[in-house]
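The values are calculated or read from the model by the stated rules, or taken from the named source; none is laboratory data. Please read all numbers here as calculations on a predicted model, not as lab measurements. For neighbour counting, all protein chains shown are included, and Cβ atoms are generated from backbone atoms with ideal geometry for every residue, glycine included. Side chains are part of the model used for accessible areas, which takes the heavy atoms of the whole protein and leaves out ligands, DNA and RNA. Shrake-Rupley method; radii C 1.70, N 1.55, O 1.52, S 1.80 Å.
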Amino acid sequence: MAETYDFSGKTCIVTGGASGMGKEFARALAGAGAQVVIADINREAAHAATEEIGCSAVAERLDVVDTASVRAMADRIIARCGKIDVLVNSAGIGAKPGPGETAADIWKRVLSVNLDGVYNCCVAVGETMVERKSGVIVNMGSMSATIIPAKTREGRGGEYGLFAYCASKGAVRQLTRALAVTWAPHGVRVNCVSPGYVDTPLTSEPHSNPAIRSLLESKVPMGCIAAPKDIVGSILFLASGASGYITGHDLIVDGGYTCW
């Protein structure tokens, strides 16, 4: 079974890999022997993450919303490594409204990163996998794709952010399923991991508020909010040969929240 989780000789891209869950995924894949590409819009943070993880990681500056940027990154990695074995689409943003944003602004910004960004990366990298007839894509969804989680709201902007976030993650779930069906005959598997509440830089503000944290934890049967390392196992499983007969699946990792 240890050989099943051996990523030696594999090239793995983690978008949004400079911080939060993405960095933990990159660290775990590198620890399993993979050549990891940390692709992030923050170039400095990506380089810092590669130094922290070690020599098996390299940094790429990537704007997932920019199709030309995504295509160029895929071309560079193919030229450097010869192939891309695994893509983990971890880049994403939360629902908090920006200064002065209207409902339309929030909708466009959240959907462009959380949905268009995933689509851009899936297509650019997935097409190279289809050509090779081998590859695995793991998209980051959310339990918000299937339920509306408990949230505290800060006026109408917060509500509109929630609308956009839930819609974006629901769309990622369906995109995953559609790509899985389309690419299965070509040896490419596409799955989704949907976490519940996780402590990350994006959630640090609400999760550091004792009242909010207590409310959220009370909704989770396991009684706590996850750390990024708690999601890592699901990524390694779906990226590895251990899940070789699984495609189009949405693996919810939420401490039991959606069982209520």
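A convex hull fitted to the Cα coordinates of region 45-169 yields 132 cubic angstrom per residue. One Cα centroid belongs to region 48-122, the other to region 173-195; the line between them spans 18 Å.
Here the 3J(HN,Hα) profile of region 119-135, calculated from phi with Karplus coefficients 6.51, -1.76 and 1.60 at θ = phi - 60°, is 4, 4, 5, 4, 5, 4, 7, x, 5, 5, 5, 4, 4, 7, 6, 6, x Hz, Gly and Pro shown as x.
Labels on offer are (1) 1, 5, 11, 15, 17, 17, 14, 9, 5, 3, 2, 1, 0, 0, 0, 0, 0; (2) 1, 6, 12, 15, 16, 13, 9, 6, 4, 3, 3, 3, 3, 2, 2, 2, 1, 1, 0, 0; (3) 1, 6, 14, 18, 21, 17, 12, 7, 3, 1, 0, and the one holding P(r) over Cα pairs in 5 Å bins from 0, in percent computed from this structure is (3).
For the residues Ile137, Ile41, Ile13, a GNM of the chain with alpha-carbon springs under 10 Å puts the largest fluctuation on Ile41. Here's how it looks for Val37: its modeled amide H is under 5 Å from those of Cys12, Ile13, Val14, Val58, which are all 5 or more places away or on a different chain.
If you run the Gaussian network model on the chain, springs between alpha carbon atoms under 10 Å, then out of Ser194, Ser142, Ser56 the most flexible one is Ser56. Going by alpha carbons, how many degrees (0 to 90, nearest 10) lie between the helix axis of 155-183 and the longest principal axis of the chain? For 155-183 against the chain, the angle is about 30 degrees.
Could you check how much of the accessible area of the chain is carbon and sulfur, as a whole percent, using a 1.4 Å probe? It would help to have the intermediate numbers written out before the result.
Working: 6620 of 11810 Å².
Looking at the chain in its full context, I get 56 percent from C and S.
Its DSSP H runs of at least 4 residues, each contributing -39,500 (n - 2.57), put the calculated 222 nm mean residue ellipticity of the chain at -14000 deg cm²/dmol, to the nearest 500. Solvent-accessible surface of region 79-216, averaged per residue with a 1.4 angstrom probe and all protein chains in place: 44 square angstrom.
Scoring 162-175, 19-32 by mean Cβ neighbours within 10 Å over their residues and listing the highest first yields 19-32, 162-175. Given the pairs Lys23/Lys83; Lys169/Lys219; Lys83/Lys108, which are separated by over 28 angstrom at their Cα positions? In this structure, Lys83/Lys108 lie more than 28 Å apart at Cα. Choose one answer from Ala79, Ala91, Ala180: the residue with the largest mean-square fluctuation in a GNM of the chain with alpha-carbon springs under 10 Å. In the Gaussian network model the winner is Ala79.
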